[in-house]
Amino acid sequence: MLAYLGAMERLESCNSIWLLDEALMQFCRIPRGSDPANAVSATWRRYYAFSDDPDTGAFRVALDQTRTRWLSSCRHRDPCPRCAGEVTAEVVIPPPAAVTAGGPQA
Ligand SMILES: [Zn+2]
């Protein structure tokens, strides 16, 4: 199974791992951080073309034969200008100023 997955194109965007089976022209997306072995239970979709821009990290797949509908994404990088590597981190929002006003301040 792993050897089979290893034959696929694997792309990591900020949110997902994309697996492209270039032999069957099918792709699926699984959440980043999950085991690629789970891809067997993922939803695989047919694609008709794959376009990759190594300069920007953008890539996309055509969802129909006439290539009018595309699904696009960008590669996650390290360090990543898009998510800064904080995809899985919780966002901490400071309390409103009214709550801290008059309170102990550093
Ligand atoms: Zn990213």
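No lab work stands behind these numbers, since they all come straight from the coordinates. In this text, all values refer to a predicted model and were calculated from it rather than measured experimentally. Here the Cβ positions follow ideal geometry from the backbone for every residue, glycine too, while neighbour counts run over all protein chains shown.
In region 2-74, the C-alpha radius of gyration followed by the widest Cα-Cα span (Dmax) gives 11.9, 34 angstrom.
For region 10-27, 3J(HN,Hα) computed residue by residue from phi via the Karplus equation (6.51, -1.76, 1.60; θ = phi - 60°) reads 10, 10, 10, 9, 5, 10, 9, 9, 9, 10, 10, 8, 6, 6, 8, 6, 10, 9 Hz, glycine and proline entered as x. Protection proxy ranking of 24-34, 46-56, 9-19, by the mean of other Cβ atoms within 10 Å over each peptide's residues and highest first, is 9-19, 24-34, 46-56.
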